[in-house]
Amino acid sequence: MPVTSNEMTQEVEQLYREFKPLLTSIAYKMLGSMAEAEDAVQDVFVTISKNGANTISHPKAYLVKLVTNRVLNVMKAAPRKRESYPGEWLPEPVIELGWEDAPLERVIQHEQLGYALLVLLQTCTPPERAVFVLRESFGYEYADIAAMLDKSEAACRKIFSRASAKIGQSQHGEKIALNESMEKFVQSFSQAIDSGRFEPFIHLLTDDAVLLSDGGGVVRAAINPIEGRQRVAAFLTGIAGKGSLAGEWIPISVSGQRGLLLRREGAPTLALVMEPDAEFTSIQNIYLIANPEKLTRITP
């Protein structure tokens with residue numbers, strides 16, 4: 001008996017409700033943009049609503065393959081967009097006020113580093129990002145990844161190895177050590193803001209620490225990376241002296257990783273995330289997201 005149009009719509013809606021969080025999380029991890037991730041997922045469901053959902057025998061695998069390939073197409077166009085972006089481009093953060101994880105972030109946070117990993121993934125090619133995210137964040141077997149990408153298992157293993165080498169961070173560190181380090185870093189920065197004394201915080205930076213600031217051409221930000229402990233120190237003390245760090249700083253979860261949010265008159269102004277070194281003892285990188293268009297994904 002043929003499936004009616006209404007029944008087909010209900011089937012698609014059921015799949016949408018069941019798999020949207022997973023598919024959005026996969027797409028967000030690869031793209032670093034929640035807006036683009038949601039568009040990719042929407043495109044996938046528009047496609048299956050036209051083709052019919054009743055013929056899908058393994059919906060989860062089928063949908064993950066569709067969204068992965070849709071995201072790969074989006075990523076191929078990303079470099080052209082990045083070239084015209086004013087200054088440094090940083091991923092769009094998904095912000096949860098407080099330390100608790102939002103439902104979507106529980107899906108996102110499968111590895112040790114949340115937002116920092118999104119930044120590191122930008123150094124990888126689209127296939128490397130796809131294989132790394134599917135394997136490391138979501139635990140897919142190489143055979144499954146190979147089927148999704150129409151590649152051999154051996155090729156997927158090599159791609160994962162290249163991605164891991166580029167990222168250069170072990171994702172299997174002790175969670176307790178990471179949490180303790182991030183809490184120490186956040187507290188030290190908060191104390192520096194309150195006291196106006198940045199020296200104790202600066203001592204936590206590695207000698208080759210890097211600060212990246214994303215204003216999107218909308219607000220003032222450093223156009224180029226700030227490299228080296230002394231230059232990072234000078235930059236932070238300089239903008240603090242101008243009042244750029246004045247306001248209400250509150251603890252947040254940034255794409256599953258601890259950070260801080262600066263608010264002025266209740267409006268989000270700046271998100272700050274710190275990436276530890278491999279030993280979790282010092283701060284390797286600091287990310288400042290000031291582009292207001294990237295500070296909209298905030299849940300209470």
- Task: Please work out the Cα center distance from the range 225-300 to the range 72-93, rounded to the nearest Å.
- Result: 21
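Only helical DSSP H runs with n ≥ 4 go in: add -39500 (n - 2.57) per run for the chain, normalise by residue count and round the 222 nm mean residue ellipticity to 500 deg cm²/dmol.
-16000 deg cm²/dmol
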- Theoretical FRET efficiency, 1/(1+(r/R0)^6), r = Cβ-Cβ of Lys166 and Gln10, R0 45 Å, to 0.05: 0.55
- Message: Can you tally the net charge around Ala222? Count Lys and Arg as +1, Asp and Glu as -1, for every other residue whose Cβ sits under 15 Å from the Cβ of Ala222.
- Response: 0
- Query: Quick one: if you stick a label point 7 Å off each Cα along the C-beta vector at Ala234 and Asn73, how many nm between them?
  - Reply: 4.8
- Which helices, counted as full DSSP H runs in the chain, have an axial Cα extent of no less than 24 Å and a Kyte-Doolittle average of 0.0 or above? 34-51
- Note on the structure: Within the under-13-Å Cβ sphere about Tyr287, not counting Tyr287, Lys/Arg +1 and Asp/Glu -1 give a net charge of -2
- Item | Theoretical gain in end-to-end length, Gln284 to Asp194 [0.36 nm per residue, Cα-Cα removed] | 30.1 nm
- Most fluctuating residue of Pro251, Pro126, Pro225 in a GNM of the chain with Cα springs under 10 Å: which is it? Pro225
- Below 19 Å Cα-Cα, how many Lys pairs turn up in the chain? Only count pairs eight or more apart in sequence, or on different chains, if you could. 19
- Taking the chain and dividing mean pair separation by its residue count, relative contact order in percent (alpha carbons under 8 Å, at least six apart): 21
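Using Cβ counts within 10 Å as a stand-in for footprinting exposure, how do Ser190, Ser195 rank, fewest first?
Listing Ser190, Ser195 from fewest to most nearby Cβ atoms yields Ser195, Ser190.
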- Message: Net charge around Leu212, counting only other residues with Cβ within less than 12 Å of its Cβ (Lys, Arg = +1; Asp, Glu = -1)?
- Response: -4
- Using 0.36 nm per residue of separation minus the Cα-Cα distance, give me the extension gain between Val218 and Lys151 in nm, one decimal. 20.0 nm
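Quick note: the coordinates plus some simple rules give every number you see, no bench work behind them. Predicted model, so just to flag it, every value in this text is computed and none were measured. For neighbour counting, all protein chains shown are included, and Cβ atoms are generated from backbone atoms with ideal geometry for every residue, glycine included.
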